[in-house]
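The values are calculated or read from the model by the stated rules, or taken from the named source; none is laboratory data. As the structure is a computational prediction, the values presented were derived from the model and not from experiment. Cβ: placed from backbone, ideal geometry, glycine included. Neighbour counts: every protein chain shown.
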Amino acid sequence: MILASLWPSAAAQVFPISLNFGTALPMPIGQTDTVAVTVKNIVNSTVQLTFVGLRFEWSQPNNFFIGGNSEKGAVLAAGEQITYPIAVTVPGNITAGTHRLSGYVTYRLFQKGNWTGVLAGWWVEDLKFAYPQAQQSQTATDGGSPQTFTTLETVAVLAAVVAIGLFLERGRIIHFVGKHRGTKSGTAEPEGEKPKPAEQKPADQKEEEDL
C-alpha cells in the first residue's frame, strides 16, 4: 500500500477524507495495470463522494482514469471507506524511472443538517515505472546494444565469414593453382620473338652497291 501525501498548495487545508494508492511497483511501461484507490472518511460527519479519478504528469489536461464507478461517487459514514480499482494504461514512450501520480477527488460534507457545496482535493505520490523484462531485451537490441550469441549462432556466423572469404579469394586461388601446375609439367610461357640483329655486309660489297 502506498500512502499518499497532500498536494503542496493544499497543505493548509484539513480534508475529511484520506486517499491511498495500491499497486505493484514498478508499474510496467507500455502495458495496462490497476491502481486500487482507497478513499476513507476520517471525520465524524458523512461524506458524499462525487468523483474520483487518476491522472499522471503525462496526461492531457482534464483527462482522468476512472474505474469501478469512481465517477459516480458514494456516501461514506464516519470511518467508512471504499476502494475503486482503476485500470491505467501506461504509454510506451515514457522514460523508465519516477513519475508522479495524482488522485483527484470531489466531494460534499454533511454539516449541521446541510450539505456543503462541492469541494475538491488532490493527493499525489511519486511511483516508479520500468519496462517489462521481455520489452527491456527488445529495446536493448533495437538500440544497438551489444548482443549475446549462442554457440550455434557463433558457429553459423564464422562459417558465413569463411564462405565469403573463400568466394572473394577464388580468383587468386585458381590463378595460383594453374601457375603451379604449369611449372610442374615443365611447360613455360612462350617467350616473345626477339628482334633479329641487323645483317652485316663486307665493306667492299657495300661500296659496289653504292656504285
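Against the list (1) surrounded by 15 or more Cβ atoms within 10 Å (Cβ to Cβ); (2) of a type in the set (S, T, N, Q); (3) not in a strand (DSSP E or B), the condition Ser102 fails is (3). Filtered by the rule that a residue be touching a Ser or Thr at 6+ places or on another chain (Cβ under 7 Å) and either at pLDDT below 95 or farther than 15 Å from Met27 by Cα (or both), region 53-75 gives Gly53, Gly73, Val75.
Applying the criterion of being assigned to a strand (DSSP E or B) and buried (at least 16 other Cβ atoms within 10 Å of the Cβ) to the residues of region 1-17, the residue that is modelled with the lowest pLDDT is Leu6.
Please find, within region 18-71, the residue that is nearest to Thr89 (Cα to Cα) out of those that are in a loop (DSSP other than H, G, I, E, B) and charged (D, E, K, R). Walk me through it before giving the result.
Our first condition is that a residue be in a loop (DSSP other than H, G, I, E, B); within region 18-71, this holds for 23-26, 29-31, 42-46, 57-64, 66-71.
Pick out the ones that are also charged (D, E, K, R) and you get 57, 71.
Values: Glu57: 13, Glu71: 18 Å.
Among those residues, the one meeting the criterion is Glu57.
Pairs are defined by a Cβ separation below 9 Å, a sequence spacing of at least 6 or placement on different chains, a first member in region 125-141 that is more than 16 Å from Thr32 (Cβ to Cβ), and a second member that is modelled with pLDDT under 50; the pairs so defined are Glu125/Ile2; Glu125/Leu3; Glu125/Ala4; Glu125/Ser5; Thr139/Ser145; Ala140/Pro146; Ala140/Gln147; Thr141/Gln147.
Thr139 fulfils the conditions (1) in contact with a Ser or Thr (Cβ under 9 Å, 6 or more places away or on another chain); (2) over 21 Å from Phe15 (Cα atoms); (3) at pLDDT 95 or above except for a single criterion, (3).
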